[in-house]
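The values are calculated or read from the model by the stated rules, or taken from the named source; none is laboratory data. The shown structure was predicted, so the numbers you read here are calculated from the model rather than taken from an experiment. Here the Cβ is made from the backbone with ideal geometry for all residues, glycine too, and neighbour counts use every protein chain on show. Accessible surface areas use protein heavy atoms only, side chains included; no ligands, DNA or RNA. Shrake-Rupley method; radii C 1.70, N 1.55, O 1.52, S 1.80 Å.
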Amino acid sequence: MASPLQFAYRTQTAIGVFDAAPVYEALPGFVKPEGNLRCCVYSPCGRYFAYATNDGISVVDASVGHVLTSLPLPMVYEISFSPGGTYMSTWERPAKDENGDATKNVKVWRTIEDVPEDQEKQPLGKFVYKNMSGWNLQYTADEKFCARLVTNEVQFYNSSDLSAPWNRLRVEGVTDFAIAPGKSQNVAVFVPERKGQPAAVKVYNVPQFNSPISQKTFFKGDKVQLKWNALGTNLIVLAQTEVDKSNKSYYGETNMYLLSANGSFDARITLDKDGPIHDVAWSPNSKEFGVIYGYMPAKTTIFNHRAVATHSFPLGPRNTIIFSPTGRFALVAGFGNLAGQIDVYDLEKDNRKVTTIESGNPSVCQWSPDSRYIMTATTSPRLRVDNGVKLWHVGGGIMYHEDFNELYNVMWRPAAADALPAGDPLHPVPTPHPSALKYLGTVKTPSKPVGAYRPPGARGSSTPLHFKREDEGGAAHTVSNGVPQIGPNGFGRPRNQIPGAEFTKPAGIPGAIAVDGGDLSKTAAKNKKKRNKKAKEGEGNATDAPGTEGGLAPPPREYGNGSPAEGRSPERRNQGQGHSSQHRSQSRNNFNGRNRSNTHRARSQSRPGHFGQSAQQQQPQGGSPLGGGDGAMTPAQSANAKKIRSLQKKIRAIEDLEMRHAGGEKLEDTQVKKIATKPSVMKELEALEREQ
């Protein structure tokens, strides 16, 4: 007994047709082709199955597997059928003829046609189409008309006569179109933004092309997906831009609109969560649709045909929604870079969750025509390992499993609802195939629940809310736009806080102080204690130091902005002051001994102290560093003092270069020129000192 459920697959070396539950065996009458197999496809009605090889195209009766007809077309890479399977289209690799013109690589055939044996089957029409996407003709549901897109117009043909267009829909700048299914012969066309004009979606009735019966204009629409419901009465427009000007998404910005075919309703669908729209799908009943949107964890909401939200599912890492053919169940899953979990909801039973399936990393997920099974498959070239097919019952159990070497494609055979057995898909649960039991025996059951890694210090404690996902009770996702999150200590993450652990205040640290609500770490507290100890020792030494008047140390030097000592610890600043004072004393003594004039010598003798003393020793508290008075310097004196300090700095740099040159170091040309400027700098310095 043949199964009402059937699927076909294509691997690197073979094409197979397989009867699913309850027999789980290959179709007896089908002979597997081998060799270079390019494509395979079922007709939408489920009557035919076609595949392409190097020898040509073969069309098979899907019920028994016998070949019905074949075409000698060795270079076909894509095959497509009309809704009723009456017509078949093929796409061949583009080529050029002897004159250098492009050959007509898209051909339309009558699927089953009586042709005399001495004659070859001829196509109904030929066209040129270079791209492999969007090449197929679109048919009305009754197969009376078909259409294709050319520059600035959509051409309509009688399906039985493709020699010349039957009618033309002229729309300037049109880039996409979609013919509505069902009995209503409507067509929607899309025109993107152009020269400051908004994008537009217009709906026309075939063949009344004088004016649109419904339209919607909007900005932020570089490309769209046009999704009709099964009856052809409502249209969802999913618009997307190439670039998101708000810099919130790398993949552009998405918006969604809803139009009625008769023009009575059009609106933008407002979503209550920020982020991109991951997926949208109509229910087979044409009365509702589902949308997955927002930053992860995404939100899934069911809307009615008037864009009113009726139910929302729990937040989760999901990006795919598929309704079952009967419309009773909805599959909400996370594929691609997500974990591959599949949630199944029963929409007729208060939207309750039926089960969650751990499907691994599938690239194909499809409902069976009777809504009882879910097929998942991992295919090449997305993944070249772990390729295989799994059949799951809607209740969550695995029914069948088979591994393949480089599986390229797998699909269910379409079937009408009246040709399938009636009954509750959930009950009774069918008996699994032995391959499913074998697969379950190889799956490792984790001994502990899998979760995020937690460092040893954070294990056994509760996770802070700011580390939890939104669907786990954490805060909602916000885009920071590059603004760093500042912790309580002012420098990013709070100190002593391990990700995933509650903040604990360090105890038993002597000398620890609070900074913005958080204590110093153990190392910082230890260093602070050492600094305090050295500071106390320095105060004690200062009271006994010789040369101090009244046992008082000189006042500490104030460092301004940009000082080399800024930001150092106190003990390093003190060391730096002593070293710099000693260096200045030595350089100034050398300078005074060699180049100082009589006037300069007299001035230096008249000053208190000598050049070997530090600035604190030369300048009484409250006095001027270069002026002898107790009052503040005049602006002219301040400017001269600043120039003197600058020239003295140049002299020190030149003397350092002289010492390096004397030591045998090779200097740059600019450094040699700098040494040559020493006499002029000395002369300018002496002139300023005389003025001072």
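For segment 388-406, backbone nitrogen atoms closer than 20 Å to the point 7 Å from GLU34 Cα along Cα-to-C-beta are found at 403-406. Here SER264 sits with roughly 80 square angstrom of accessible surface, probe radius 1.4 Å.
Counting 0.36 nm for each residue step from ARG459 to LYS536 and taking away their Cα separation leaves a gain of 23.3 nm. Couplings 3J(HN,Hα) of segment 226-239, computed from phi: 9, 10, 7, 7, 5, 8, x, 9, 9, 10, 9, 10, 9, 9 Hz, in residue order, whole Hz [Karplus 6.51 cos²θ - 1.76 cosθ + 1.60, θ = phi - 60°; x for Gly and Pro]. Here the accessible area is traced with a 1.4 Å probe on the protein chains. For segment 129-276, carbon and sulfur cover 46 percent of it. Classify segment 215-269 from the C-alpha gyration tensor, please: rounded if a/c falls under 1.5, else prolate or oblate depending on whether a/b exceeds b/c. Prolate. Accessible surface for ARG93 stands near 140 Å², nearest 10, in the context of the full protein assembly shown (1.4 Å probe).
Solvent-accessible area of segment 353-417 (1.4 angstrom probe, protein heavy atoms only): carbon and sulfur portion equals 46 percent. With the cut-off at under 16 Å, measuring from each backbone N in segment 283-308 to a point 7 Å along the Cα-to-Cβ line of ASP418 picks out no residue. Computed from phi, the 3J(HN,Hα) profile of segment 286-302 under the Karplus parametrisation 6.51, -1.76, 1.60 (θ = phi - 60°) reads 6, 9, 8, 8, x, 9, 10, 8, x, 5, 5, x, 6, 10, 10, 10, 9 Hz, with x in place of Gly and Pro. With a/c under 1.5 counting as rounded, go ahead and sort segment 295-344 into rounded, prolate or oblate using the C-alpha gyration tensor (a ≥ b ≥ c being the square roots of the eigenvalues; past the cut-off, prolate if a/b is larger than b/c, else oblate). In terms of gyration-tensor shape, oblate.
Taken about its Cα centre, segment 166-234 carries a charge dipole of roughly 40 debye when the Cβ of each Lys and Arg holds +1 and the Cβ of each Asp and Glu holds -1.
In the full protein context, segment 319-451 carries 49 Å² of accessible surface per residue, based on a 1.4 Å probe and ignoring ligands, DNA and RNA.
Working note: Cα atoms of segment 1-110, range along each principal axis, descending, whole Å: 57, 30, 17. For VAL385 and LEU440, the FRET efficiency from 1/(1 + (r/R0)^6), where r spans their Cβ atoms and R0 equals 25 Å, is about 0.80. Among the listed pairs LYS121/LYS227; LYS248/LYS273; LYS130/LYS183; LYS32/LYS104; LYS195/LYS223; LYS642/LYS683, give every one whose C-alpha distance is greater than 25 Å. Too far apart for the 25 Å limit: LYS121/LYS227; LYS130/LYS183; LYS32/LYS104. Find the percent of Cα-Cα distances in segment 170-320 that exceed 23 Å, and round it to a whole number. Within segment 170-320, distances greater than 23 Å cover 36 percent of Cα pairs.
With all protein chains kept in place, the per residue accessible area of segment 169-226 amounts to 51 square angstrom at a probe of 1.4 angstrom. The accessible surface of segment 12-113, taken with every protein chain in place and a 1.4 Å probe, is 48 percent carbon and sulfur. The Stokes-Einstein estimate for segment 245-390, based on a Kirkwood radius over Cα pairs and taken at 37 °C with 0.692 mPa s viscosity, is a diffusion coefficient of 201 µm²/s. Over the Cα atoms of segment 178-245, the radius of gyration divided by the Kirkwood radius equals 1.01; this is the Rg/Rh ratio. Under the rule a/c < 1.5 gives rounded, and otherwise a/b versus b/c splits prolate from oblate, where does segment 259-340 land using the Cα gyration tensor? It comes out oblate by the Cα gyration axes. Given q = 0.16, 0.21, 0.23 Å⁻¹, what are the Debye log10 I(q)/I(0) values for segment 106-213, with equal point scatterers placed on the Cα positions and solvent ignored? The computed values of log10 I(q)/I(0) come out as -0.77, -1.19, -1.35.
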